[in-house]
Ligand code: ADP
Ligand code: MG
């Protein structure tokens, strides 16, 4: 839609993929996956933008972005007050960028209520990404960290994405929430974004000593088959400690089981797309 008249051309050779990390449940590992899958993809040579679409801003904080670096945020981008390129900041990880969020996003739904493009605003914004000479030059992956709700922000993410990646916590009600999410994906596909696919489902906080975890894994694999990644992210205290240091777990403790799992997940993600690993 609204391609800015002077937006510079995108000449990067690596195709752009936009992936929304969505699950309407909170605390299932969306943000942790955005940060650490993003870092792992950057480590294997992709150029990654984590777009923080949660008013909580946990992805921005976990990547070490303080308040002063959020003067231009995804709120300003979504309201049209600033171009995306102005919100983008570098992180301590080479090739990993973030567009941070602030609490202002909480008001967006009301502000956009009567805008005709309210559901596909982000899609218009991302249509311009990657122009030469801009802060998003060469970006090959956008990972959108969604809020824990199927609200207008999540709808915008699904309408803008090529694919959705669902983090699913290994717990009793996992499948119930998944069905609701899949219905929403189906609705967005038919009303707004026919190319939306499911990249995959990643089981998070897996605990091999817990029988229930194993049962949930069996049920989810039975229900969703090949869509479930082989890699499961184990429950790992290093993963939960890393954000308070403003670091992805891959920088905080590369050798821990959680960091290694996110590296394996990144290679599964690019394999599913038939991509050749970039030369890092
Ligand atoms: P969401 O974004 O879906 O709300 P988060 O990624 O913020 O979920 O994760 C919720 C909490 O669980 C956070 O405190 C996070 O540090 C913790 N957590 C996430 N993944 C793991 C893991 N693999 N092992 C241990 N703790 C984790
Ligand atoms: Mg989150």
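The values are calculated or read from the model by the stated rules, or taken from the named source; none is laboratory data. Given the structure is predicted, the values throughout are model-derived calculations rather than measurements. Note that each Cβ is placed from the backbone with ideal geometry, even for glycine, and that neighbours are counted across all protein chains shown.
Values for this structure:
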item: Residues satisfying the stated conditions in region 242-272, i.e. assigned to a loop (DSSP other than H, G, I, E, B) and exposed (fewer than 15 other Cβ atoms within 10 Å of the Cβ); result: 254, 255
item: Residue ID - surrounded by the most Cβ atoms within 10 Å (Cβ to Cβ), chosen from residues in region 192-214 that are free of Cβ contacts under 8 Å to residues at least 24 places away in the same chain and away from ligand 1 (no atom under 16 Å from the Cβ); result: 214
item: Residues (out of contact with any strand residue (DSSP E or B) (no Cβ under 9 Å at 6 or more places or on another chain), within 22 Å of residue 55 (Cα to Cα) and either without any contact (Cβ under 8 Å) to a residue 12 or more places away in the chain or surrounded by fewer than 20 Cβ atoms within 10 Å (Cβ to Cβ) (or both)) located in region 153-191; result: 184
item: Pair list, Cβ under 6 Å, 6 or more apart: region 52-63 residue more than 13 Å from residue 89 (Cβ to Cβ) and at pLDDT 95 or above, other residue within 9 Å of ligand 2 (Cβ to nearest atom) and part of a loop (DSSP other than H, G, I, E, B); result: 53/146; 54/147
item: Number of the exception - residue 74 against (1) under 18 Å from residue 104 (Cα atoms); (2) away from ligand 2 (no atom under 16 Å from the Cβ); (3) buried (at least 23 other Cβ atoms within 10 Å of the Cβ); result: (2)
item: Residue that is nearest to ligand 2 (Cβ to nearest atom), among those in region 129-148 that are within 16 Å of residue 87 (Cα to Cα) and in contact with a helix residue (DSSP H, G or I) (Cβ under 7 Å, 6 or more places away or on another chain); result: 145
item: Near pairs, Cβ below 7 angstrom, 6+ apart or cross-chain, from region 74-90 (over 19 Å from residue 157 (Cβ atoms)) to any residue that is assigned to a helix (DSSP H, G or I) and modelled with pLDDT under 95; result: 89/69
item: Residue 30 within 30 Å of residue 178 (Cα to Cα), surrounded by 23 or more Cβ atoms within 10 Å (Cβ to Cβ), within 14 Å of ligand 1 (Cβ to nearest atom) and under 16 Å from the mean Cα position of the chain (by Cα); result: yes
item: Pick from region 104-128, criterion in a helix (DSSP H, G or I) and over 18 Å from residue 72 (Cα atoms), ranking: farthest from ligand 2 (Cβ to nearest atom); result: 124
item: Subset tally (residues that are closer than 23 Å to residue 156 by Cα, out of contact with any strand residue (DSSP E or B) (no Cβ under 8 Å at 6 or more places or on another chain) and surrounded by fewer than 24 Cβ atoms within 10 Å (Cβ to Cβ)) for region 33-57; result: 3
item: Those helices (runs of 4 or more DSSP H) lying entirely in region 149-241 with at least 1 residues closer than 23 Å to residue 109 by Cα and away from ligand 2 (no atom under 16 Å from the Cβ); result: 152-160, 174-191
